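Comments concern the structure below.
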Number of protein chains: 2
Amino acid sequence: MAISPPHPLDPLTPQEISATAQHVRKAFPDSEAYFRVITLAEPPKEEMMVFLDAEHEGQPVGKRPARLATVQVFFGAKRDSEHFYELKVNVDSGEIVHKEQLAGRHPHVDGNDMVKTETACLNDPRVQAAIKDMQLPDGAVVKIEPWTYATDGMNDMSQKITMCYFYMRLLDHPDANHYAYPLDLCVEMSGSAEVLKIYYLPASASGGPTTNATPYDRSKIFGAEIEYHPDVAPPRRTTTKPYHVSQPEGPSFATRGNLVQWEKWHIRVGFNYREGLTLHDVRYDGHSLFYRLSLSEMFVPYGDPRTPYARKAAFDLGNDGAGCNANNLQLGCDCLGHIKYFDGWHVTSSGDAIKIPNAVCCHEVDDGILWKHTNFRTGNGVVVRSRVLVLQTIITVSNYEYIFAFHFGMDASLQYEVRATGIVSTVPIPVGGAVPFGTTVAPGVMAPYHQHLFCLRIDPAVGGWRNSLLVEESHPLPVDNAQPPHNTTTIPNPFRIGYTTRGDIVDRECGLALDHTVNRVFKIVNEAVLNPVTNTPIAYKLTPYYSQLLLADASSYHAKRSEFAAHPVWVTRYHDDELFASGKHTMQSLGGEGIASWIDGRKHGSSSPSASSVRNEDIVVWHTFGSTHNPRVEDWPVMPCEKMSVGLKPVNFFTRNPAMDVRPSCQAVNRSVLVDGEAGCHGNGGDGQVMENGVVVADAQNGHGSGALFE
Amino acid sequence: MAISPPHPLDPLTPQEISATAQHVRKAFPDSEAYFRVITLAEPPKEEMMVFLDAEHEGQPVGKRPARLATVQVFFGAKRDSEHFYELKVNVDSGEIVHKEQLAGRHPHVDGNDMVKTETACLNDPRVQAAIKDMQLPDGAVVKIEPWTYATDGMNDMSQKITMCYFYMRLLDHPDANHYAYPLDLCVEMSGSAEVLKIYYLPASASGGPTTNATPYDRSKIFGAEIEYHPDVAPPRRTTTKPYHVSQPEGPSFATRGNLVQWEKWHIRVGFNYREGLTLHDVRYDGHSLFYRLSLSEMFVPYGDPRTPYARKAAFDLGNDGAGCNANNLQLGCDCLGHIKYFDGWHVTSSGDAIKIPNAVCCHEVDDGILWKHTNFRTGNGVVVRSRVLVLQTIITVSNYEYIFAFHFGMDASLQYEVRATGIVSTVPIPVGGAVPFGTTVAPGVMAPYHQHLFCLRIDPAVGGWRNSLLVEESHPLPVDNAQPPHNTTTIPNPFRIGYTTRGDIVDRECGLALDHTVNRVFKIVNEAVLNPVTNTPIAYKLTPYYSQLLLADASSYHAKRSEFAAHPVWVTRYHDDELFASGKHTMQSLGGEGIASWIDGRKHGSSSPSASSVRNEDIVVWHTFGSTHNPRVEDWPVMPCEKMSVGLKPVNFFTRNPAMDVRPSCQAVNRSVLVDGEAGCHGNGGDGQVMENGVVVADAQNGHGSGALFE
C-alpha cells in the first residue's frame, strides 16, 4: 500500500511519475517530449535535517519539503544532445522549477535505441557483406553486443557513438552462450543508427584493426561445456541435497511503505534508475548513523590497449543505470527464507510509469556465531547467533552481473557486499595465440584483463549532522633510547613492546591512502558528542576493502573520467548535487567533473577557504574499491562470484556491545539435527572423563557444568 | 566406528594412546611417568607420497607407514624441565624409536598444575594479607587468572613462572563476569607452586608496580549490564524470530572415519592437542591440491609497556593448545542444520586416553549466490546457489574465544575463516584515568591494546608434490613515449590504458610482503603441469588477509619469539619437523627457533645452497595475518566476532568453472516464502509493461521470457 503522503525520501510513486510527465507536456505543449528520466529530486538536506529531527523527536514535522522530480527529456523529434534537457518539476503543483539545456551531453543507454541500432547495423548491406566474408559455419546466428563509447580522444564527442561487437550462436536456442563465439567484426554506429565504420579486430598483441576478413576457424567450435543454460548445458551434478530456511513465526523485520525496521535498525529504502538501491536515514536503537548510503558510481576499464578495445570502459551506473537494469528477483532462487520484495519505478519514453518488479529484496540470513564465551571454570558456554538483515539488488549489464547487498548486523555494524558474476567479456584471438593483457579461456576466445572499480558514498550523520574524519594509526612507542617522535609523550617502554595510536582529524577536502601496515583506520567522528565511558568522540569506522586502483595512466581519458578511482578514500563537504563521483553525465564524458574536480574547484576557486573545510561540518566519505580482474579459466563460461566487502562499525559509539541483549542460541529454538557417524562410538578411554576447554570434567555428554574444577 | 587399520594420517585412536602409555611404562619401569602428550607423529612425507599416490591410483599401498607416537612425559616425581622428555614410540611394536631430554623446555599448560598454583596462591598468608589490604566490598569472591610468562629477559628462564592476575566476583553466581572487576594485585608463582613475588599493579600510564595497596574504589561497582550469562544478565530482546535450517534429504556430505567427501571434495580430518583441527590430503574432483592445512601458531602480544604487563603475550597453540582447549560443540548452538561431530583424543597425566568430545563439527551452509547470469535479450536468468561445507572448531583460551573454520566451495575454492570473540583481557585503572595504550571499557576497567597474529601453514600439493611460488603483479604498460621497463616487450599503448601482469618465481626460501596497490598475487604453481587451455602452469592463489604485523620492536623478545610475525607470506622448503612457526617449544622460549631461523640456518649453515631452493621443490607457504585489536567499548563485556578470512582459489587449474555443473536454484526445491507487503500493490503505471535488466517486457509477473526484444 502506498503511504500517503509519501515520506519526503520515498521514491516517486507511479502516480507522481505520470503526473510529472503530464506537467511537462502541459508546460511545453509545442515540443514532442521523449522522456528518459523522471526521478525523485531529493529535498535539500538542510530541509530534511529539520524534518527528520522533528520526526524522530515526535514533534510536528511542520511544512513538508516539496516533492520535486528531476526530469531528463528530449524535446522535438531529433534525439541528439542539442535537444536534450534537464528539468526540475514540482510534482504537486506542476511548476517547472528549473530548466537546463544539456548541450553536449548524452543520456543513459536507451534500450529502444539499442534495438534500433542493432537492427540497422545488421540490415546494412556493407555489414552483411562483411559478415559473409567471415565465412561463418552453417547455422550461425549473428548477435550484436552494443557498447557505449569510452572516450579516447579520437572522435568528435558531440555525436553519440555505439560500438557494435559481433558474436554468433551455433546452437538453435535463444539462451545459448554466444560469448563463446566472439567474431572479428566491429562496426561503429552513429546516434541516428547509421553505420560509420566497419573493420576487423586485431589478431596479435601489437596489431591493429584491419580491413581483411579471416575465414572463421572451425577448430573454435565447442560442445556443451561452454553452455550455462540448463536446456543446453551438460548434465548436472545430483549430489547437492535440498537446504531450506524455515521461519515458523515469520521474519523478524517489519515494513511500512519503504521503512524497514529490524532488530533496532531503522532504514528507509530508496531506489532510482541510476543508483538502484539507496538507503536513507539509517538509525540504530534511535541513534542517527547515516543520512544516505549508496553506490555512487562504478567504472569497468579494460586493459587491452589495442584499437578499438581502448574504448571498452563502462560507467555501469552513469551510462547504464543500476536501477533500470535491476533483475526481477525470483522467490527461492536469489534468496532463501522469508522474502519481502520492493518494486522500483521508472519511466517510459512516453511518460508512463513502468514497474521494475522485485528490484530489491529484504530477508534475513544466519551468519554463524555473533559472540560466544565459555567459562572454562564451569564449562558453561553462552553462544549468540548472528542474524543479518540483507537488502539486496542484482543488476545485469550485458554480459556481467553484480550483486549489491547491505548487510545489517545485530551489533550495529553493517557491511556493503558486492559480488561480481556473469560472463566475462570476450574477444577473438587466433587459436594458439596469447596476449599479455588477457587470458585465453577457451581456444580462440580471449577474456581481456579489466578492473571493476566501485565508489561507495557514505553520507554520515553519526550522532548528528556535523561530523569529522579521523585518520588513526597504531605505532610502536619509541624504544627507550630513541628520540620520541612528535605527538607522543615519553612513556617508558623498557621491553620495547608497547604501542599506541595516533590520529589526525582531516581539515580539508582530500583523497587519502590506505595503509594496513600501520593499521590505518578511518573513523567518522562526532567531535561534539563524547562517549560517556571513554570520554572520546563517538565514531563509526570504515573497514575498507584493500584493492588496486586504476591502472590506466593519469594522463589517459579513463583516469580523467573516473576521478574517484585515484584514491581509495575521499572526504568532501556535503553538497546536494554531489551524488555521482564521476559527475552527473558520464556518457562520452571528457572528464574533469568528478570528485577531484569538486575539491579542486573549492580549493582554487572563488569560494572562501572555509568551503573546503571538513571538520565539524556536514561531510561525505567516499570509498573506492574493486578488483583487478585478470580472468581465470575458472571464470568461464560463467564466473563464480568474486566477493568484495566494506564495513562500517561503531567505535566507542555505544556504551557496550549493542548485541549483548540477543538471546542465547539453543537447540530448543534452533532444532539442528545430529548426523550419526562414527565419532563418539569409541568408549571413553578413561573413567568416563572428558576434556573441554582445557579442563577435565566428569562427563560432558550430560551437558556442561559438571566439573567446575576452578570453583 | 574406528576404521581398521587406521589411515596413516588418522589421529591416534584411544586404544593407541593407552597402548603407547603402556609401552613407555614398560620401557622405563623405574621412572614414574607423568604424561603430557601422546599424539600421532605423522609419517615422513616421503613415505606418505608413495602411499597416497598408490591409494589414489587404486594400486596396492604396499607397506603401510609405521604408526608412531610423539610422547612428552616427565620421568620421576619432579616435574621440572630437567625431567622432561620427548620420545618417539612405535605404537604397534612398542619400540622407543627416539628419546630426547628437553632440558630448559617446558610443556604446554597443565590444567592440574594451574589449579594447584591457584590454590597455593590463594592460600598463601602473604597473598591473603595483600587481598585484605585492598579492602574489597562485602561478598567479593576473589578469582585468579593464571597467565603463562612471556619472556622479557628479566627472569631466569630455567624455572617455569606463572603470573597470577586477580579479579573478583560480586554476584553469587559461578558465571558472573569477574573480568569486570580486575584487582590491583599480581603474584608471581614458581613451577612448584610457591609464591615468588607479590605486588600491586601500576595505576598511571608511566607508572610501575608498587607495594602499596589501594582500597577498592566502590564507584567501580556495576549492575547487570556487565553480565553475559542469561542467569544474571539484563532482560533480552524478544524480537528475533526462530530461523531453522532443514535438510529433508539429509546432508550432502558423507564420512568414513576421518575422511569427509562432499561435492567432489576429499578431505581427511586430523586433530591434535596442539593445532586442533588439521586437514590432510585435500583433493577436488580427483585432483591433488594440498597435503596439509593447519593453523601453525598464533601469538597475542599486548601493547601495554608497563611491568608486569609486558609479559602478557600468549602463544595460544604452543603454550595452551588449540586441541585440548576445544569447546564441546553443542547441537543447535554453534551451528544450524545437519551436523556431524568429530571427537578429539588427548591423554591424561596417568596415560589414559581422554576424549575431547565434539571438538570439530562438519556441516553445510548456504552462502547466497555462487553464480548467476541473465540473458537480457530473453529475460532468462540462471542462478546457482553457493553451498559451503564448514569444518569448524572453537577454542577457549581463558577470556578469549577463537572460531577456526575451513569453508569449502563448490567452485574448488576454499576459505580459512577466523573469528575472535569472548571477553577482552582487562586490567585495573583509576576511575577517570586513561592510558594511550588501552581503552577504558567501563569505569575503572581498562582493556589494553593487543594484537592477534595467526600463521596459517599451507603445505601444497598442487597437481603433484613439487610446486613453486609465483609472485605476480599487475602493472600499466609503458606509455608510448616512455622507456619500456625490463620484462615487457614493446606493445603499443597509445591511449595509455593498457596493463599487463608480470611475475617472478621465488627461487630461495624467504619472507615476502603484501602490496594491494600493485595487485600482488601469490600463486602456488606446478611448473611441470600446464593447463591445456591457457598453456600456463596450473595454480592455486592465496587471497591474503591484509593486516598489520607485529608492533613490538624487532629487538624485543616478542619479536624474537614470534619470527613468523615479521612477514605476511613466507615460503620454505618442506621438512617433516617444521610444523610450528615459532618452534616446537614456545613456553618461555627465548626466540631464535622459528621460521626465520630455519631459513637462516639453511642459508648460512653448512647445508648445500640447494637446501634453500624452493623452485620445483616440496615447499610450504605460510601466511601471517591477524588484527591489531585496540578494543572498542562495543567489545565489552563480550566482543562481537571480529572476522578474518584467507582464501585459496584455483587459477587456471581447471579447464572451466568447476561449479558449472551445480544445479540451478529453483523455488520448487528451495521453498522460500513471500512476505506480503505493500510493494507490488500499485497497479502497473503503463499498459501492463514492466522493465527487467534494462529491457521492457510485457508482464514480468508471468515469469521471464515474454518480451525477447533482442531476438
Spin-label model distance (nm) - A:ALA77 vs A:THR655, 7 Å beyond Cα toward Cβ: 7.3
Shortest-first distances to equivalent copies, position B:VAL61, nm, label 7 Å out along Cβ: 7.1
Given charges at beta-carbon only (K, R positive; D, E negative), |dipole| of segment A:102-234 in Debye: 280
Among B:CYS121, B:PRO428, B:GLY601 the positive-end extreme of the charge dipole of chain B (Cβ point charges): B:GLY601
For the protein assembly as shown, accessible area per residue (1.4 Å probe, heavy atoms of protein chains only), Å²: 33
Quarter of the Cα convex hull surface for segment B:111-220, i.e. its orientation-mean projected area (nm²): 7.7
Quarter of Cα convex hull surface for chain A, i.e. mean projection, nm²: 39.8
Sites A:ARG218 and A:THR119 - FRET efficiency at Förster radius 30 Å, r taken between beta-carbons, to 0.05: 0.55
Stretchable slack from B:GLU225 to B:CYS666, in nm (0.36 nm times residue separation minus alpha-carbon distance): 154.2 nm
Solvent-accessible surface (1.4 angstrom probe) belonging to A:LYS523, in square angstrom, nearest 10: 30
Volume per residue that the Cα convex hull of segment B:583-623 spans, once the total is divided by residue count, Å³: 91
Karplus-derived HN-Hα couplings along segment A:260-276 (A = 6.51, B = -1.76, C = 1.60, θ = phi - 60°), whole Hz, x at Gly and Pro: 10, 10, 7, 6, 6, 7, 10, 9, 9, 8, x, 7, 8, 4, 8, 7, x
Calculated FRET value between B:ALA434 and A:ARG64, using beta carbons and R₀ = 41 Å, to 0.05: 0.35
Nitroxide proxy distance, nm - points 7 Å out along Cα→Cβ at B:GLU47 and A:THR517: 4.5
Segment A:76-138-segment A:9-56 distance, computed between alpha-carbon centres (Å): 24
Kirkwood-based shape ratio for segment A:364-413, expressed as Rg/Rh from alpha carbons: 1.28
Heavy atoms of B:ARG126: accessible area, 1.4 Å probe, square angstrom to 10: 130
A:PHE74 accessible area, 1.4 Å probe, all protein chains in place, Å² to nearest 10: 10
Dipole magnitude of the protein assembly as shown, debye to nearest 20 (Cβ charges: Lys/Arg +1, Asp/Glu -1, about Cα centre): 480
Segment A:321-381 versus segment A:553-585: alpha-carbon centroid distance in Å: 29
Amide H contacts under 5 Å for B:ASP367, placed H, 5+ residues apart: B:SER386, B:ARG387, B:VAL388
Over segment A:278-379, equivalent-ellipsoid semi-axes from the Cα gyration tensor in Å: 37, 24, 17
Other protein chain Cβ atoms within 10 Å, averaged over every residue that makes up B:285-295: 0
Relative compactness, segment A:1-119, computed as alpha-carbon Rg over 2.2 N^0.38 Å: 1.25
Farthest toward positive dipole pole in segment B:111-220 [+1 Lys/Arg, -1 Asp/Glu at C-beta], among B:HIS178, B:GLY191, B:ALA203: B:ALA203
Length-normalised contact order for segment B:111-220 - Cα pairs under 8 Å, 6+ apart - percent: 26
Accessible area that becomes buried as A packs against B, both chains, 1.4 Å probe, Å², nearest 100: 18800
Label-point separation in nm, A:LYS241 to B:ALA254, each point 7 Å along Cα→Cβ: 1.2
Length added when fully stretched, B:ILE96-B:ARG126, from 0.36 nm per residue minus Cα-Cα: 6.2 nm
Cα-centre dipole for chain A with unit charges at Cβ (Lys and Arg positive, Asp and Glu negative), debye to 20: 340
q = 0.04, 0.08 Å⁻¹, the protein assembly as shown: log10 I(q)/I(0) [Debye, one scatterer per Cα]: -0.25, -1.02
Relative contact order (%) - chain B, alpha-carbon pairs under 8 angstrom, separation at least six: 12
Listed residues B:PRO650, B:PRO640, B:VAL620: farthest to the positive end of the dipole of segment B:583-675 (Cβ charges): B:PRO650
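The values are calculated or read from the model by the stated rules, or taken from the named source; none is laboratory data. Quantities reported herein were computed from a predicted structural model and do not represent experimental measurements. Note that we place each Cβ from the backbone using ideal geometry, even for glycine, and neighbour counts take in every protein chain shown. Side chains are part of the model used for accessible areas, which takes the heavy atoms of the whole protein and leaves out ligands, DNA and RNA. Shrake-Rupley method; radii C 1.70, N 1.55, O 1.52, S 1.80 Å.
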